[in-house]
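Scroll down for the structure; my scribbles are underneath it.
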Amino acid sequence: MDHDQESYKCPVYSNILSPSPFTLLKMSSSLSDFSAANAGDYYGYMIPLSSRVNAISFGKESDRKMWTIGRGEFNAVVLPSPAISLHHATITCESDKNFALMYIEDLSTNGVWINGERIAKETRTLLKDGCAVHFGQLLAHNDETRDFRFTFRLNSAIASSPSFSGSRIPELNKDYDVVQEIGAGSICKVLMAIERVTNECVAIKLYNRAKKSQQDAMDRERLLLQHLLEHDNLCGYKRASLETTGSSIGYVVFEYIDGKNLRTFMTERKNTSIGEDEVKHLILQICKAVQHLQDPNKRRPGAPRAILGAITHTDLKPENILLTSDLAPTVKVADFNAVIFAGETLRDVRGAMDYTAPEMAHPETVDHRIDNYSIGVLAFELLTGSLPYVNETHPPSTAEARIASRVMKDLKTSLRDRSPEALDFIKKLLEPEVGKRMSMNEAIDSHPWLWGVGRSARSKGKQRVVYDDDDVDMRPASPIKGSVPTNSSRRR
């Protein structure tokens, strides 16, 4: 469609933007308004090349994160020229308290140019600090009032920190623009960056390979992710540096999850009960991610023998469970630098002590089923707001002793306001005897607590949960229609 046609009404934007131009964008004939004192008032601004064109700032005076530019009076900012389409471009902002990313999308006939190159139409392009932006045809301008060439500046208060430029890793610095540090721990640092080719946000984990612990952690993560088939509930892997880069700093690049982790989710909901259906939606996705790790068939062709068996995450805690910002969030299990492969023997405690299984008190005995136990702890915490252990007045000093000394709460009492199916599900995952602990296949395919979550409920061939005042037990459905096992006929 030709956006210059007068009949073009722009029905989408005319409904959501203020009809009065300049109400969403501050216009100024000088740059004095953009002082450090006012840094908190705007995300960024455009400095005009012509002294007869006003500067534009993208202000924070409303919750709006989208602005339109064009010659039509319905736009947030009007550029009055026949070379400008009625609705020429859209600028959007994605921001947090510490950073802002601004994108421009060309919807015009005559184009939007950045640094002398026309950008792809109807595709978001990142506006980088200091770039030259030109609206309309890239021609010499005799009329300075219609010379719509600008220099874009990102607010210095939220611009990228130069200390995270990635300059020590030439290939990283070549391919990515680092926005900010978003996490740090004892093993690695996590950066948010923009991939220059795709303009996509990514998360980059930096490891100091001069330290053996970090080298081992990165090698485990890279080995797993290079040979593991993708899954919707695992944080997506993109690339990793090679050992031959000549730098002591290694990196692994992941998809960036625009959301929060499970810890933040629970903290935000600490004063309100989380609905059981909501918990089931989250737990099912965590189970599917762990099932994928444990399934030897989910490896790429040619995968090394080391990862052909069941893989154990070992550190399933709320901080490593990411949630997208969707209304019904997608779970993304992250942080694979502590994984153990089938046949490996641990020499020390690994993972968060509150979420690991009892057998971690003797690390040499653990296998992939410790992850199943961790999911039981997560489910209990989501449903009750607390951990399933009695608080210790004087906890032991060593990790092994602390794990061995934990005392489980009475699950039935703690979950009295939840369904019997939820109680049974958690009991089967928190089973201290490893051989009796519920598998992921059983949890996903057979346990009634997850029936109907994300799929049609199926009853044929499934099991029925039968309850009395003293016990919770799983029994096969009776083959006689309408019959229910009596208490005396149930197994104990």
- residue 327 versus residue 66, label points 7 Å from Cα toward the beta carbon: distance in nm? 1.6 nm
- Would you mind checking the range 215-243 for residues with the amide N under 11 Å from a putative spin-label position 7 Å along Cα→C-beta of residue 295? 229-232
- How much length is gained on full extension from residue 122 to residue 272, taking 0.36 nm per residue of separation minus their Cα-Cα distance? 49.8 nm
- Under 14 Å, Cα to Cα: Lys pairs in the range 259-458, sequence gap 8 or more or different chains: 11
- Using modelled amide H (1.01 Å from N, peptide plane; none on Pro or chain starts), what sits under 5 Å from the amide H of residue 249, excluding residues fewer than 5 places away? 209
- Item | Sorted by Cβ density within 10 Å, fewest first, the residues 220, 299 | 299, 220
- Task: Provide the FRET efficiency to the nearest 0.05 for the residue 347-residue 445 pair, computing r from the beta carbons and using R0 = 30 Å.
- Result: 0.30
- Query: Label points 7 Å out from Cα along the Cβ direction at residue 389 and residue 306: separation in nm?
  - Reply: 3.1 nm
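Each value in this text was obtained by applying a stated rule to the coordinates, not by laboratory testing. Note that the structure is predicted; figures quoted are calculated from it, not measured. Note that each Cβ is placed from the backbone with ideal geometry, even for glycine, and that neighbours are counted across all protein chains shown.
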